[in-house]
Amino acid sequence: MTARSGAVLAAVLMAGMIPGAQASAGDRDVHIDVKYGCDFPSGTKPVSVRVSATVPEKGEEGKPVQLRDVSTELILPEDGLPDLAGLGAAGVEAGTKLAMGVAQGDHTAETEWIGTTGDPVAVPETGEFTLTSSGDVPSVTAGSSGDLTFTAGKLTAVLTSPKTADPAATPAGVTLTCDPEPDQALELGTVEIAGDPQWPSPEPTGTKEGKASVDSGAGRDEATPKVDDPAKPTLQDGKAPPCVGDQDDQFSLNAYVTGYANVAKLKGATLFPVACSQIEQGATEIKFQDGFVHIFQDSSVLLEYRGKPQLPPATGTFLTFGFMPTTATLEMTQIPPDDGPDGKPLPNIHSDLTVLGNGNSKGTTTIDLRLQLRLRDVKVNGVALDVGANCRTERPFTLPLQGEMVQKESVQTGYTLTTGGVLTGQVTLPPFSGCGVGEDLDDIFTASISGVPGYVKQVQGPPCAAAQHIPAVCTDDSQPVQVPKPQR
C-alpha cells in the first residue's frame, strides 16, 4: 500500500514533535493555567491557556538549563467559532509564539517559545475548540547562582487552513494576539542554580527590565540570564544564505544545515557554514515486516548555494605532516542525483519508521550525498601556494549520513526529516588531481588528506514546508525560521 508522504507518514512523525528527552531524576512536570484576552476579528474574547513543561529541579552556574516536553494548549470559546468559519472544513493548523520571561534576582531576559500543531484539527460546530502546540525551546544559561524563574507573557497564535491540491490557492488565516488578564500567577517554574548566593548583585550596565540583549551580549550584564537559542532566527544577521522554498509543491521542504567534518590525517575539523538544502519528499510505503508495521519513504535532497548545488565555501587550518600550518578554502560541490522516469531526482534519502505501538516507535534515516572537494587559496606557513584552479578529488565520493529517532511513550528524541536533528557519518576522500601550477602537487595533498575515514557531524534545522507556510517554521518569504548551530 502506498500513499504520498503528507498523508500517513506525517501523521505518525508529527505525533512526537518535541525533540526533548525522558524526564530524569530531579525533573518535575509543571503547568500553569492562564486566562488571556485575545483579539479575534470580531473583538476581544477570553481564551484559557495551559502551558506545560518538564523543569529540572537544579542547574549549575554557567551551564545551560533546558526545559523539555513543552506544550501550549489553547481553549477557544464557542463565540469565537464564527471567526474561524472561513478556514474551511478540513480543519486548521496552528503556530504559536509565547513570550517567556527569564529572571534571576533583579536581572531579566526574554525569549520566545515557538510551537506548532501536528495534523489539522477539526473545528467543532458548537462548543469550545482546543488546540495544542509543541516545539523545541531555547536553553538558558545563568551567569550566577540563585533561583532562575520562568514566567509566561504575551501569546500569538496563527491559525491557517491546510493547503489544498490547488497550488494557486492561498490558505485562509486568522491571527490571535493575546495578553494575560491582570492579577494572575504567571510563574511556570523555578530552577535552583547551585553556587554561593550572590544576590543582591551590582546594578547591571544594561537594562534590567524588558528584553535583554541575547544576540551579541552587548550591553548585557554578566549576571543577566543568557538565552541560548539553538533554533534562534539568524536570517537578518548575514550568517544564513537565502533558502526559499517552493510554494507550488506540497511535498517540498527547505531546511538549513551546518556542521563539522574531521580530516583524520590532519587531526583537525573544518566547520562548514550554514547551507540551504532543498528536500523533495517521496511516496510512503507501508509494510508489515518482522512483526511490526514499517513506514518507508524515499526522498531526495539537493544542496543550494548561490544557485549552485554546493555548500558555502569553508576555511580550514591544519597541521600538515603534523607540524606545518596549512590554510585552505574548501569547496564541496554535490553531484545532483539523476532524474527518474517522472522527471524528479532519484532518491538519496531513505527513511524507515518502525511503529512499536503504545506511543512507541523508532526510525532510521540515511542520506547519501555524492560530492567532490576542491581546494583553493592555499597557504603553507603563511606563504601562498599556487595550486591552480582545478585542485580537486580525482573523482566524486559518497558521504553517508545517518540519523536515529526514538519515540517512547509519545516523547521523541533524535532525527527525522520533518523535525531535523543530528546526522553523523564517515567519509574517505579519494586522491587529488589537478593540483599545482608548474609543479605537480597531487601527491602532497593525497598523502596529507586522502585515504583515512573522517568523522562528519551535521545538524539539520526544522524544515519549512513552503506550500503550507506555517508561520512558526516559515518566514513570510518561505524561508526556514530556525537556523541550527553546529555541534562537535
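The values are calculated or read from the model by the stated rules, or taken from the named source; none is laboratory data. Being a predicted model, the structure only gives us computed values, none of them experimental. Every residue, glycine among them, receives a Cβ derived from its backbone with ideal geometry; neighbour counts consider all protein chains shown.
Taking the criterion of being in a strand (DSSP E or B) and not hydroxyl-bearing (Ser, Thr, Tyr), the residues of the stretch 64-85 that qualify are Pro64, Val65, Arg68, Asp69, Val70, Glu73, Leu74, Ile75, Leu76.
Residues checked against (1) crowded, with 17+ Cβ neighbours inside 10 Å; (2) of a type outside the set (Phe, Trp, Tyr); (3) modelled with pLDDT under 85:
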{"site": "Glu409", "(1), (2), (3)": "no, yes, yes"}
{"site": "Gly414", "(1), (2), (3)": "yes, yes, no"}
{"site": "Gly421", "(1), (2), (3)": "yes, yes, no"}
{"site": "Gly425", "(1), (2), (3)": "yes, yes, no"}
{"site": "Thr446", "(1), (2), (3)": "yes, yes, no"}
{"site": "Lys457", "(1), (2), (3)": "yes, yes, no"}
{"site": "Gln460", "(1), (2), (3)": "yes, yes, no"}
{"site": "Pro471", "(1), (2), (3)": "yes, yes, yes"}
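Just give me the residues in the stretch 111-128 being farther than 18 Å from Gly461 by Cα, in contact with a helix residue (DSSP H, G or I) (Cβ under 9 Å, 6 or more places away or on another chain) and of a type in the set (Gly, Ala, Ser), in sequence order. Can you show your working first?
First, the residues of the stretch 111-128 that are farther than 18 Å from Gly461 by Cα: 111, 119-128.
Filter once more, keeping what is in contact with a helix residue (DSSP H, G or I) (Cβ under 9 Å, 6 or more places away or on another chain): 119, 123-128.
Hit for the stretch 111-128 is Gly127, nothing else.
Here is a list: Gly86, Gly62. Which entry is under 25 Å from Leu188 (Cβ atoms) and either in contact (Cβ under 8 Å) with a residue 60 or more places away in the chain or not assigned by TED's automatic domain parsing to the domain that holds Phe150 (or both)?
Details: Gly86 fails: under 25 Å from Leu188 (Cβ atoms).
Result: Gly62 is the single residue among Gly86, Gly62 that is under 25 Å from Leu188 (Cβ atoms) and either in contact (Cβ under 8 Å) with a residue 60 or more places away in the chain or not assigned by TED's automatic domain parsing to the domain that holds Phe150 (or both).
Candidates in the stretch 362-406 are the residues that are of a type outside the set (Gly, Ala, Ser) and at positive phi; of these, the one that is surrounded by the most Cβ atoms within 10 Å (Cβ to Cβ) is Asp377. For Gln487, the criteria (1) surrounded by fewer than 17 Cβ atoms within 10 Å (Cβ to Cβ); (2) without any contact (Cβ under 8 Å) to a residue 40 or more places away in the chain hold in every case but one, which is (2). State whether the residues of the stretch 341-352 include one that is closer than 30 Å to Ile444 by Cα and either outside the structural domain of Asp298 (by TED's automatic domain parsing) or buried (at least 16 other Cβ atoms within 10 Å of the Cβ) (or both). Within the stretch 341-352, not a single residue is closer than 30 Å to Ile444 by Cα and either outside the structural domain of Asp298 (by TED's automatic domain parsing) or buried (at least 16 other Cβ atoms within 10 Å of the Cβ) (or both).
Just one of the numbered conditions (1) touching a residue at least 60 places away in the same chain (Cβ under 8 Å); (2) buried (at least 17 other Cβ atoms within 10 Å of the Cβ); (3) not charged (D, E, K, R) is not true of Pro453: (2). If you go through the stretch 86-139 and keep only what is among the β-branched types (Val, Ile, Thr), at pLDDT 85 or above and in a loop (DSSP other than H, G, I, E, B), you end up with Val123, Thr126. The lone criterion from (1) closer than 24 Å to Asn348 by Cβ; (2) touching a helix residue (DSSP H, G or I) at 6+ places or on another chain (Cβ under 7 Å); (3) in a strand (DSSP E or B) left unmet by Tyr455 is number (2). Among the strands (runs of 3 or more DSSP E) confined to the stretch 342-448, the ones with at least 3 residues that are over 20 Å from the mean Cα position of the chain (by Cα) are located at 349-357, 360-380, 383-385, 397-408.
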